Amino acid sequence: MGKKKKKKITQAQLKSERKPNFFSAHPHWSAAIILFVLLLIFYYPIVFENKTLLPPDTLTAKSYNTFVKDALKSGTYPLWNPYIFSGMPSFASLSSAPLVNIVDSIVQYSIQAVRYVIPLTPFMRIILNYVFFGMLVYLLLNSLKVNRYASLFGAIAVMFVPQYVAFTAFGHNTKFLSLVLIPLIFWSVDRMIKKQNLFYFSLTALALGFQLIRAHVQVCYYTYLLLGIYIIYLAVIELRESKKITETLKGFGLLVAAGIAAVAMSAVMYVSIYEYSHYSIRGGSAGLSYDYASSWSFSPAEMITFFVPSFFGFGGATYWGKMPFTDYPLYMGIIVLFLAGIALVLKRDRYTIFFSVIALFSLIVSFGKHLPILYDPMFKFLPFFNKFRVPSMIHILLDLSMVILAGLGVGYLMELKEKAKEKSNDLEKKLKNVKNYFYIFGGVAMVIMLFVALSRNTIFNWMSHAARPLSADAMKVAYKMALTDSVVMLILLGAAGFLVIYYLSSQMKENLLGLSLILLVIVDFWVIDFKIIHPKPAMQESAYFQKTDVVSFLEKQPGPFRIYPVKLNQPGEKPDNWWMYFKLQNIYGYHAAKIKIYQETMDEIQFPQMFLFKYLKQGVDEKGKRGWMFRAPNEIDAKLAAGQATFLDMLNCRYVISSYPLPDTSFQMVFRGSQFVFKNKKALPRAFFVDSVIVTPDKAGIFAQFESGKFDPKKLAILEEPPAFAVRGSQGNSVAVTNYDIHDIKLKASVKTPGLMVLSEVFYPAGWHAYVDGQKTKIYKTNYILRSIFLQPGEHKIEFKFEPASFKIGLLISLFSLLAVVAAFVISIRKQKSQ
């Protein structure tokens with residue numbers, strides 16, 4: 001037999017027989033690894049150098065840690081917080097909701113467990129959520145049939161959008177965590193409407209439910225706006241194509257049902273939130289005032305920051321735009337903006353048009369009071385919209401839409417190149433359109449750069465006449481940043497434009513284009529992002545909460561009592577909630593949704609803004625130097641002084657902490673260290689009896705009493721409804737607090753004559769109940785913000801317990817709903833496998 005001839009193997013066959021590389025074989029896992037590595041590089045100081053982010057809002061959140069941990073250790077789930085604003089709901093106000101977010105809690109505790117073996121930073125939880133966010137955008141773009149490099153571009157871009165980076169850099173973690181799920185929600189809703197099966201229904205319900213549990217209601221609301229517009233959009237398309245909207249209506253019905261299931265799953269949180277909304281400054285049918293709600297409206301002029309991020313300064317001392325203040329520009333990236341436009345140039349399909357509509361809609365709404373063509377009708381007529389402030393926050397939808405459009409743009413470029421071999425007239429036209437688009441876009445960018453470079457005096461004039469005029473030094477810094485950014489913009493845009501044109505007119509591979517654009521978008525965003533994050537040594541956190549001599553002094557004083565730390569927003573002052581870390585009860589604090597009656601009282605007496613300033617005036621001293629000096633006693637506003645004194649006295653505010661002297665005989669200095677500690681000599685005890693009662697049902701009449709200078713809360717109580725019975729002088733009546741817990745206050749009273757016992761705790765009927773000798777009794781709203789009960793003669797054991805039924809009801813609804821939806825999800829998966 002002759003020898004067999006060896007077959008000649010061609011280069012193409014060799015190439016096909018080679019084992020695919022990891023990226024080709026596992027594109028999704030490769031994408032996740034790339035995202036994770038990029039985040040490790042970006043957050044290198046936090047991951048590898050034991051540094052942390054310590055923005056004010058993060059520190060404010062950490063101020064809750066002590067009392068929350070202590071409560072959990074004692075077997076109490078913390079629903080009430082007695083340490084700010086003389087007491088307010090902790091859980092229902094979303095100040096703290098430990099363990100409710102099941103998934104995040106599991107991740108958090110898993111990281112803590114791993115830290116015993118591997119020194120992981122607690123920030124790893126946030127990093128994993130950024131990876132999750134990026135992968136959701138990657139998979140969404142992948143599902144829209146775009147190239148994997150285009151999907152990876154979108155995934156990387158979305159992780160480093162400056163606004164999204166700023167959320168975690170400034171401690172707004174709930175905003176970011178809620179935002180992360182929007183791509184998954186949109187994808188699952190889109191599939192549910194198309195497939196209309198149990199799997200996508202249960203997935204949608206779970207995604208919506210977990211977003212609600214992540215506890216940023218405004219982000220959730222914007223998600224529903226996105227879905228609502230999508231349903232309308234699909235209905236219009238179906239109506240045009242088939243003259244009916246049957247399928248869209250079915251899909252809408254499924255979405256409503258999934259939304260109801262999601263609300264039920266999150267009922268543990270939202271039943272309590274809804275109940276509290278009736279008592280908070282955001283509650284009632286009126287919602288927020290228009291001025292307050294629209295105070296962070298995005299000015300149309302600031303759209304120039306989409307090209308030159310520092311045109312209006314870069315936040316802080318250099319910002320001169322129309323918002324009250326800001327810490328970073330709302331920049332979406334010049335590369336993203338350019339590529340998003342390419343998507344519209346190349347293919348105006350269903351998704352391109354939809355995300356363009358969302359981008360335009362969110363931009364117009366963000367203008368708020370500056371261009372209220374959408375904002376005002378929504379504020380007046382859209383349910384619950386008037387409960388949210390900061391119109392510019394809807395930029396989360398604008399940025400997300402633009403990133404998705406940019407990913408589609410990259411994908412369509414690569415698709416166009418694949419079809420370029422056909423040499424059709426349509427393709428030639430598209431190639432020409434892309435070139436023309438680049439020339440127009442580049443021309444606009446060039447004009448902006450030349451304007452910044454050649455109009456220094458004009459820009460300085462605008463800065464000096466802005467709503468927030470800058471100092472001369474700040475103007476120079478702001479202008480220099482704007483000029484630098486305009487040059488960087490032109491370089492990045494030129495590079496992106498060159499890559500796109502060269503790719504379409506050469507043999508350049510799609511992977512090289514994709515990786516080059518990814519590199520450009522990383523440079524574009526990181527230049528901005530590194531100005532936003534400010535890692536600091538981790539030890540600063542413990543140093544920040546280091547106990548001061550003032551705290552040590554206050555901890556030795558017999559309680560219960562409250563304090564008021566005076567602040568003038570000077571360097572080195574402790575934030576309002578800092579004292580809560582040491583479980584010191586404050587009559588003030590920081591929270592965006594305070595109890596309404598408490599806020600109304602503070603507004604009436606101009607507290608705290610006029611607490612110190614009522615003693616001060618501008619004048620000229622003996623040396624002829626102009627500055628602040630103390631008023632003479634007869635120059636102090638008597639009405640203001642009386643109202644504030646009543647407020648402090650009846651709230652058991654025993655100590656005022658100040659870095660400045662207080663020229664008031666009501667206050668006696670009892671400690672002098674890093675700050676002065678003044679004792680309020682007229683502060684009432686936590687519980688006391690009054691001699692008489694009057695009924696004044698209107699708020700104005702009650703405040704008039706406070707400010708009259710004749711009202712003594714030790715002797716007289718003001719009710720808003722008829723008393724249970726007449727009271728007599730209280731000289732023989734006494735009461736003492738025997739136990740004080742966040743949810744349980746026990747007292748012992750000896751009553752000689754029928755009396756009214758006032759408890760210096762905020763009146764909050766949604767959960768607080770009073771028991772006298774084991775029998776439930778009525779709590780009366782007293783002095784507008786306090787509570788009281790009527791007592792007959794005798795020895796009594798009194799207990800005030802916080803036991804809101806809303807929490808228990810919500811918990812039961814959530815448990816049963818979650819089990820039902822998870823069961824449906826599991827059944828749907830098994831059903832799909834069996835088919």
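Within region 389-408, residues that are open to solvent by less than 10 Å² (accessible area, probe 1.4 Å) and part of a helix (DSSP H, G or I) have Cβ atoms under 7 Å from residues that are at pLDDT below 95 and small (G, A, S) in these pairs: P391/S294, counting only partners at least 6 apart in sequence or on another chain.
Taking first residues from region 285-309 that are within 30 Å of E275 (Cα to Cα) and partners that are basic (K, R) and part of a loop (DSSP other than H, G, I, E, B), the Cβ contacts under 9 Å between residues at least 6 apart in sequence or on separate chains come to L288/R282; L288/R389; Y292/R389; A293/R389; S294/R389; S295/R389; W296/R389; S297/K322. Candidates I657, I694: the one that is in a strand (DSSP E or B) and in contact (Cβ under 8 Å) with a residue 40 or more places away in the chain is I657.
Give the residue that is modelled with the lowest pLDDT, with candidates limited to residues of region 300-336 that are outside any loop (DSSP other than H, G, I, E, B) and not hydrophobic (A, V, I, L, M, F, W, C).
First pass over region 300-336, keeping only residues outside any loop (DSSP other than H, G, I, E, B): 300-306, 316-318, 334-336.
Within this subset, residues satisfying the condition of being not hydrophobic (A, V, I, L, M, F, W, C) are 300, 302, 305, 316, 318.
Details: P300: 96, E302: 96, T305: 96, G316: 87, T318: 93.
Top of the filtered list is G316.
L288 meets all of the listed conditions (1) open to solvent by less than 40 Å² (accessible area, probe 1.4 Å); (2) over 30 Å from L330 (Cβ atoms); (3) not in a helix (DSSP H, G or I) but one, namely (2). Filter the helices (runs of 4 or more DSSP H) completely within region 68-177 down to those with at least 3 residues that are under 20 Å from F525 (Cα atoms) and open to solvent by 20 Å² or more (accessible area, probe 1.4 Å). Once the helices (runs of 4 or more DSSP H) in region 68-177 are filtered for at least 3 residues that are under 20 Å from F525 (Cα atoms) and open to solvent by 20 Å² or more (accessible area, probe 1.4 Å), what remains is 124-143.
Filtering region 353-375 for residues that are more than 30 Å from V527 (Cα to Cα), open to solvent by less than 40 Å² (accessible area, probe 1.4 Å) and modelled with pLDDT of 95 or more leaves a non-empty set. Cβ-Cβ distances below 7 Å connect the following pairs, each with a first residue in region 704-726 that is surrounded by fewer than 15 Cβ atoms within 10 Å (Cβ to Cβ), a second residue that is of a type in the set (A, V, I, L, M, F, W, C) and not in a loop (DSSP other than H, G, I, E, B), and a separation of six or more residues or different chains: S708/A642; G709/A638; G709/A642; K715/V690; E721/V695; P722/V695; F725/F790. Of all the residues in region 737-764, those that are touching a residue at least 40 places away in the same chain (Cβ under 8 Å) and either part of a strand (DSSP E or B) or surrounded by fewer than 19 Cβ atoms within 10 Å (Cβ to Cβ) (or both) number 19.
Taken over region 800-813, the criterion of being surrounded by fewer than 17 Cβ atoms within 10 Å (Cβ to Cβ) and in a strand (DSSP E or B) is satisfied by K801 alone. Looking only at residues in region 258-270 that are surrounded by fewer than 23 Cβ atoms within 10 Å (Cβ to Cβ) and of a type in the set (V, I, T), which one is nearest to the chain's Cα centre (by Cα)? Filtering region 258-270 for residues that are surrounded by fewer than 23 Cβ atoms within 10 Å (Cβ to Cβ) and of a type in the set (V, I, T), the one nearest to the chain's Cα centre (by Cα) comes out as V263.
Look at (1) crowded, with 19+ Cβ neighbours inside 10 Å; (2) within 17 Å of S401 (Cα to Cα) and you find that F314 fails only one, number (2).
Out of V821, V826, I need the residue that is without any contact (Cβ under 8 Å) to a residue 60 or more places away in the chain, more than 24 Å from A736 (Cβ to Cβ) and β-branched (V, I, T). Which one? Break it down into steps so the answer makes sense when it comes.
Numbers: V821 fails: without any contact (Cβ under 8 Å) to a residue 60 or more places away in the chain.
Answer to the check: V826.
Here S356 passes the criteria (1) under 17 Å from A482 (Cα atoms); (2) in a helix (DSSP H, G or I) except the one numbered (1).
The values are calculated or read from the model by the stated rules, or taken from the named source; none is laboratory data. Note that the coordinates shown come from a computational prediction; the quantities given were computed from them, not determined experimentally. Cβ atoms come from the backbone with ideal geometry, glycine included; neighbour counts cover every protein chain shown. Ligands, DNA and RNA are excluded from the accessible area calculation, which covers all protein heavy atoms including side chains. Shrake-Rupley method; radii C 1.70, N 1.55, O 1.52, S 1.80 Å.
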